[in-house]
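The values are calculated or read from the model by the stated rules, or taken from the named source; none is laboratory data. These numbers were taken from a predicted model, which means no experiment stands behind them. Virtual Cβ from ideal backbone geometry, glycine too; neighbours counted across all protein chains shown. For accessibility, only protein heavy atoms count, side chains too; no ligands or nucleic acids. Shrake-Rupley method; radii C 1.70, N 1.55, O 1.52, S 1.80 Å.
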Amino acid sequence: MANLQKYSDWSMDEAEEAEKELEKLGSNADFLKFDKGKNVLRFLPGKVGEKPFVLVQQHFIEIPGSTSPIVFACPRIHAKRACPACEQADKLRASGNPADYDRAGKLIPRLRVFANVISRKDPEKGPVVAAFGKQVYEQLIALRKNEDAGGNFTDPGPNGFDVIVEKSGEGLKTEYKVWPQRKTSPLGNDEWLDVMHDLKRYARVASPEELNRMLGSQGASPAPQARTGGRSAPRRTAADDAIDTDGENADD
Ligand SMILES: [Zn+2]
């Protein structure tokens, strides 16, 4: 009787299944996915002492054989520390070879802006994190500065208003247009203000050790032959989830 198995084996297949499930449920749950067409959003104000938006210069390092790039806040810009991606980009740019210059362009950091929003389509989700580039951010600033168009749209009181972000096109031709909802309206649920996401974590700079681990032995210059199979694929970081790569380059 002692040999009677009283437990289930957790197979490799099941573990792989679990990993996929985690990626689907866990890591993307709190991020807004911009729909094609109109997205009606309520931008939440900043927490006390904070702004509604957190700006991060992020590197997106593509690794051959991996579907998602490695994403990290640039240590050079955000922590005045050595940045493996920027250093690699400097070297490539200095080589005088036009192909290297192009490769350097892929290594330079890009601006990502993070905000807490309520998607009016999915209010039951509560605050979700919207991540976007310069194109959307510039239009949001213009909207805030235009008092005739409504002013501070992040006001949770009756003077605030929803913002419509319309997404069109695909890939590098993706465009985002921003305009105000016609009528002002209160946020609608003040409890949302208590459960906003901490946006500062996206600006956190990884330690040199963490960066080494993320980038592996390849540094910031992935060689096509270096990766063998997904088992050694780099871990995703929290910031990965924020990528809406459509229009990434069109933003700049
Ligand atoms: Zn950098």
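Going through (1) over 11 Å from the mean Cα position of the chain (by Cα); (2) of a type in the set (S, T, N, Q); (3) within 16 Å of the ligand (Cβ to nearest atom) one by one, GLN58 falls short only on (1).
Is it true that some residue in the stretch 75-92 is within 30 Å of LEU187 (Cβ to Cβ) and under 19 Å from the mean Cα position of the chain (by Cα)? No, the stretch 75-92 contains no residue that is within 30 Å of LEU187 (Cβ to Cβ) and under 19 Å from the mean Cα position of the chain (by Cα).
Would it be correct to say that GLY65 is farther than 22 Å from GLN135 by Cβ, more than 9 Å from the ligand (Cβ to nearest atom) and not hydrophobic (A, V, I, L, M, F, W, C)? Considered against the rule, which asks whether it is farther than 22 Å from GLN135 by Cβ, more than 9 Å from the ligand (Cβ to nearest atom) and not hydrophobic (A, V, I, L, M, F, W, C), GLY65 comes out as yes.
Residues are listed down the side, and each one gets a yes or a no for (1) open to solvent by 50 Å² or more (accessible area, probe 1.4 Å); (2) in contact with a Ser or Thr (Cβ under 8 Å, 6 or more places away or on another chain):
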site	(1), (2)
VAL40	no, yes
PHE43	no, yes
PHE53	no, no
ILE61	no, no
ALA73	no, no
GLU87	yes, no
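If you go through the stretch 70-90 one residue at a time, do you hit one that is of a type outside the set (Val, Ile, Thr), out of contact with any strand residue (DSSP E or B) (no Cβ under 6 Å at 6 or more places or on another chain) and more than 16 Å from the ligand (Cβ to nearest atom)? No; the residues of the stretch 70-90 include none that is of a type outside the set (Val, Ile, Thr), out of contact with any strand residue (DSSP E or B) (no Cβ under 6 Å at 6 or more places or on another chain) and more than 16 Å from the ligand (Cβ to nearest atom). Would you call ILE77 out of contact with any helix residue (DSSP H, G or I) (no Cβ under 6 Å at 6 or more places or on another chain) and either within 26 Å of ARG204 (Cα to Cα) or at pLDDT 95 or above (or both)? Considered against the rule, which asks whether it is out of contact with any helix residue (DSSP H, G or I) (no Cβ under 6 Å at 6 or more places or on another chain) and either within 26 Å of ARG204 (Cα to Cα) or at pLDDT 95 or above (or both), ILE77 comes out as yes.
Every condition in (1) loosely packed, with under 14 Cβ neighbours inside 10 Å; (2) assigned to a loop (DSSP other than H, G, I, E, B); (3) among the hydrophobic types (A, V, I, L, M, F, W, C) is met by ALA99 except one, and the failing one is (2).
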